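Everything on this sheet refers to the single structure shown next.
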Amino acid sequence: MSQTIAPPPRFTTICEMHELPIGLGRSFRIGEQSVAVFRTRTGKVFAVANECPHKGGPLADGMLAGEQVVCPLHTFRFDSTSGECDQPGVCAVATFPVEVVDGFVRIGITA
Ligand code: FES
């Protein structure tokens, strides 16, 4: 029996840590993927797809509520770790691994 294993993510440096405003989002394009990156007040950096799975709102323009992203269009909330939505029937937003190396923020995208 064979098992399909997803390839490891490929990390791309997007900016320096100090370029991420605390409590706000910034959008970055990595290849074909638009990514919304946030830095929380506790210093956590996370990345989600920059397109809300509800009706396509730009999540980078949303607000943070703790470690949840609040979509600017209809205020649905998405968990920063799982991408799960707080509204029933709305699928999760894609999340991406983040690492900070020597002050540089790197996002992992699986090809
Ligand atoms: S488009 Fe994001 S909650 Fe509706």
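General observations
Residue by residue, here is whether (1) closer than 21 Å to residue 111 by Cβ; (2) among the small types (Gly, Ala, Ser); (3) within 16 Å of the ligand (Cβ to nearest atom) holds:
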site: 33; (1), (2), (3): yes, no, no
site: 38; (1), (2), (3): no, no, yes
site: 47; (1), (2), (3): yes, yes, no
site: 50; (1), (2), (3): yes, no, yes
site: 70; (1), (2), (3): no, no, yes
site: 83; (1), (2), (3): yes, yes, yes
site: 88; (1), (2), (3): no, no, yes
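- Among the residues making up segment 1-33, those that are of a type in the set (D, E, K, R) and either touching a His at 6+ places or on another chain (Cβ under 6 Å) or not in a strand (DSSP E or B) (or both) are 19, 32.
- Considering residues of segment 90-104 that are in a loop (DSSP other than H, G, I, E, B) and within 16 Å of the ligand (Cβ to nearest atom) only, the residue nearest to residue 31 (Cα to Cα): 94
- Some residue of segment 9-29 being more than 13 Å from the chain's Cα centre (by Cα), exposed (fewer than 15 other Cβ atoms within 10 Å of the Cβ) and within 21 Å of residue 92 (Cβ to Cβ): no
- Restricting attention to segment 72-81, the residues that are near the ligand (Cβ under 9 Å from one of its atoms) and either under 21 Å from residue 14 (Cβ atoms) or in contact with a helix residue (DSSP H, G or I) (Cβ under 8 Å, 6 or more places away or on another chain) (or both) total 2.
- Looking only at segment 53-68, and only at residues there that are surrounded by fewer than 14 Cβ atoms within 10 Å (Cβ to Cβ) and more than 7 Å from the ligand (Cβ to nearest atom), the one that is nearest to residue 89 (Cα to Cα): 65
Values in this text are rule-based calculations from the coordinates and carry no lab data. Just so we're clear, the structure is a prediction, and the values are computed from it rather than from any experiment. Cβ sites come from the backbone with ideal geometry, for glycine too, and all protein chains shown count toward neighbours.
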